[in-house]
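The values are calculated or read from the model by the stated rules, or taken from the named source; none is laboratory data. It should be emphasised that the depicted structure is a prediction, and the values quoted were computed from it without experimental measurement. Quick reminder, even Gly has a Cβ in these numbers, built from the backbone with ideal geometry, and neighbours come from all protein chains shown. Just the protein is used for accessible areas: all its heavy atoms, side chains included, with ligands, DNA and RNA removed. Shrake-Rupley method; radii C 1.70, N 1.55, O 1.52, S 1.80 Å.
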Amino acid sequence: MIRELHEKIINGKITSVQLTEKYFQTIEKKDKDIIAYLTLIKEGALSQAQRVDEKVKKGEKIGLLAGIPGAIKDVICMKGVKTTAASKILDNYIAPYNATVITKLNKQEAVILGKTNLDEFAMGSSTENSFYGATKNPYDLERVPGGSSGGSAAAVASDEAVWSLGSDTGGSIRQPASFCGVVGLKPTYGRVSRYGLLAMASSFDQIGPITKTVEDSAIILSAIAGSNTMDATSSPDFSKQYENYLTGGVKGLKIGVVKEYFEGLNPEVRKKIEKVIEDYKKMGAEIQEIELPYAKYSLATYYIIQPCETSSNLARFDGIKYGLRMDDKEKTQLENISNLPKTLLETYLDTRQYGLGQEVKRRIMLGTYALSSGYYDAYYLRAQKVRTLIKKDFEKAFQKVDLILTPTTPTPAFKLGEKSHDPLEMYLADIFTITANIAGLPAISVPAGKIKVEDKKMPIGFQLMGKWFDEENLLKVAHAWETRKNN
Ligand code: GLN
C-alpha cells in the first residue's frame, strides 16, 4: 500500500496534501463511532505534506514514506503535542521533546495525522481502560478492537491512517492487530529505541508498526529501527532496509509448532491456523513439533514482573513534575471533598488517587507488594528465574527450527464489557503473545482470514516468532504467505 501511494505521489497522480486531506475526511466521517484518535494534528500534518509536495514539484527525490499519513499511539512523545497515555493524570501534558521514533519518522518526512487511543498507560487488552472511552472494533462496533494499541489498530483497519505505531509489552501490538485484521509487528527487544515512549514495563516494552500489509510493516520498521544513546538497551545500529528482504520462498525452512497451543482452542480459530500451517507445508516449509515446557508459566511470570516494573516506572506521576496536580485549586472543584491537602504527601496521594484508573492502580499495588521486603525473593526474584528458563526454552527450540508459528489470540474480538469485570479473563487474551516479550523475541501477527461470530465476520491473526534480531527472515516468511499463489 505504501509503495503504491508513493508511486502515485512521485508520478503526480495524487499530492500528499490531497492524500492527507482524504484521511482527515475519513476520520471525520468514521471516528465519532470508532474513537481511534485522541488528538488530531491537522496543521502539522498538512504542512509536512506540503513540504513533500514542493519537493516532488521541484523534481527532488523523496523516500518511500515521505508524505504518507500515519498515526502514533498516545504513549509516544511528540514535541508540542498532547501526550496523555489515555490517563487523566496526563490529560494536560504536552510533551517537551520528540521520541526517537518521531525524530526518525520526521527525517523520512512521514505525515503524522494524530495520536491514537489506548488502555491507560498501555495496561489492558481491549482499550476499555482509556480515560477517554473505549475504541470500537471497525468490523463490529459492539466489539473491542483489542489493546492496548486498540486505537492504532482500529485507525489502520478503518482507513483512518495508512500506518500506525503501537507499543507492545505483552501483546499490545499483535493482539489488536489480530482483532482488527491488520499486520502488527513487535520487533526484537532493543531493535527500536524506547526513548520518548512512556515506560510501562521497561524490560518488555517495544515500539512497532501496525499496517495493512507485511511490506508496509517492513518499510515502517526500516524507518524507526536503530540504536540511540538515550536508550542504553537499544542495540548497536545494524538496522536494515527490511523491505528489500521480502523475496525468496520458504522452501526448506523449518517452522515449529507447539501442540498444546491447539488444545482447547476456539475451533474456528484452530481451523484458520491449521490452514495456514497447511499452506506453509504446500509452499515447501517443513513443519516440526517443538516443546516449550516453561512457556506455560509465561502469563504468571509476566504478571509478577510487569507490575513490579510498572510500580517503579509510574512512581514519577505524583503531581509534581508532570500532568495533573491535585492541589487546593483542583481539589476544591471536586464534590465531597472538604479537606484541602496540607502536606506534600497529601498532594501525592490525592493526585494518584484521582489521576490514575483502576487497572493501573491494581498493577501498582501488585507490583509494590511483590517488590516489598519479605516478598521480593518469593515473587520478583523467582519470576526472573522462570523468565530465564523460558528464554532457554526458545534458545533450544531455535536450534531445531527457524521460526515458530502460533495463533495470535485464543479467540476473535470479544464484546465490549465482556471481560472488563474479570481482570484474569482479560489477561488470558495475551496467552500466546506474552512469551515473545518475556524472551525479547521479534513476533508478528498476520491476518489469517475471517471467521463467523454471531452475525458478523471477524478477523483473526496468526503469529510468527523469529530468532532474536532476525526480523528480515520473520518478515520474509510472513510476506511469502501473504502473497502466496492460490490466495
Ligand atoms: N495486555 C497486557 C497488559 O495489560 C499487555 C499490554 C501491552 O502489551 N502493553 O499488561
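Which GluC sites (Glu not before Pro) in region 412-487 sit in a loop by DSSP (not H, G, I, E or B) and have at most 15 other Cβ atoms within 10 Å of their own Cβ?
Sparse-neighbourhood loop GluC sites (Glu not before Pro): GLU454.
Give the span of region 166-285's Cα atoms along each principal axis, as three whole-Å numbers ordered largest to smallest.
That works out to 45, 33, 24 Å along the principal axes.
Rounded to two decimals, what ratio of Rg to Rh does region 50-201 give with C-alpha atoms and a Kirkwood Rh?
Checking Rg against Rh, the ratio lands at 0.99.
With a probe of 1.4 Å, find how much accessible area the chain has per residue, and write the answer as a whole number in Å².
Per residue, the chain has an accessible area of 41 Å².
Using only the C-alpha atoms of region 188-241, find the volume of their convex hull and express it per residue in Å³.
Value for region 188-241: 80 Å³ per residue.
Whole angstrom only: what separates the Cα centroid of region 151-207 from the Cα centroid of region 1-66?
Region 151-207 and region 1-66 have Cα centres separated by 21 Å.
Roughly how many Å is it from the Cα centre of region 275-299 to that of region 387-459, as a whole number?
Answer, in whole Å: 13.
Whenever you get a sec, compute what percent of the accessible area on the chain sits on carbon and sulfur atoms (1.4 Å probe).
Of the solvent-accessible surface of the chain, carbon and sulfur hold 51 percent.
Pull up the DSSP beta bridges for the chain and report the antiparallel fraction as a percent, rounded to 5.
Values: 34 of 51 bridges.
So the antiparallel bridges amount to about 65 percent of the total.
Loop-only GluC sites (Glu not before Pro) in region 30-67, please: DSSP not H, G, I, E or B, and at most 15 other Cβ atoms within 10 Å.
Of the GluC sites (Glu not before Pro), the ones in loops of region 30-67 whose Cβ has at most 15 other Cβ atoms within 10 Å are GLU60.
In whole Å, what three semi-axes, largest first, describe the equivalent ellipsoid of region 30-139 built from its Cα gyration tensor (square root of 5 times each eigenvalue)?
28, 15, 11
Hey, can you list the DSSP H helices of the chain whose Cα span along the axis is 18 Å or longer and whose average Kyte-Doolittle score is at least -0.5?
298-313, 358-371
Using the Cα centre of the chain as the reference point, and only Cβ charges (+1 on K/R, -1 on D/E), how large is the resulting charge dipole? Debye, rounded to the nearest 20.
800
Which GluC sites (Glu not before Pro) in region 243-292 sit in a loop by DSSP (not H, G, I, E or B) and have at most 10 other Cβ atoms within 10 Å of their own Cβ?
The qualifying sites are GLU263.
Using every Cα-Cα pair within the chain, state what percent have a distance larger than 32 Å.
37
In whole angstrom, how long is each semi-axis of the equivalent ellipsoid of region 216-290, when you take the square root of 5 times every eigenvalue of its Cα gyration tensor and sort them from largest down?
33, 18, 13
What does the charge count around PRO307 come to, taking other residues whose C-beta lies under 15 Å from its C-beta (Lys +1, Arg +1, Asp -1, Glu -1)?
That sum, taken over residues with Cβ under 15 Å, equals -1.
Looking at GLN48, TYR322, VAL250, which one has the Cα that reaches farthest to the positive end of the dipole of the chain (charges on Cβ: Lys, Arg +1; Asp, Glu -1)?
Looking along the dipole axis, the top candidate is VAL250.
For every other residue with a beta carbon closer than 10 angstrom to the beta carbon of PRO69, add +1 if it is Lys or Arg and -1 if Asp or Glu, then tell me the sum.
-1
Would you mind checking LYS259/LYS400; LYS271/LYS415; LYS251/LYS400; LYS88/LYS321 for any pair whose Cα atoms are more than 19 angstrom apart?
Details: LYS259/LYS400 16 Å; LYS271/LYS415 22 Å; LYS251/LYS400 16 Å; LYS88/LYS321 15 Å.
As for pairs spanning more than 19 Å Cα to Cα, those are LYS271/LYS415.
What does the charge dipole of region 218-337 about its Cα centre add up to, to the nearest 20 debye, if the Cβ of each Lys and Arg holds +1 and the Cβ of each Asp and Glu holds -1?
Working: 16 positive and 18 negative charges, 71 e Å.
It works out to roughly 340 debye.
Computed from the mean reciprocal separation of all distinct C-alpha pairs, what Kirkwood hydrodynamic radius does region 93-171 have, in Å?
Result for region 93-171 stands at 13.2 Å.
Inverting the mean 1/r over all pairs of different Cα atoms, compute the Kirkwood radius of region 55-107 and quote it in Å.
Across region 55-107, the inverse of the average 1/r is 12.8 Å.
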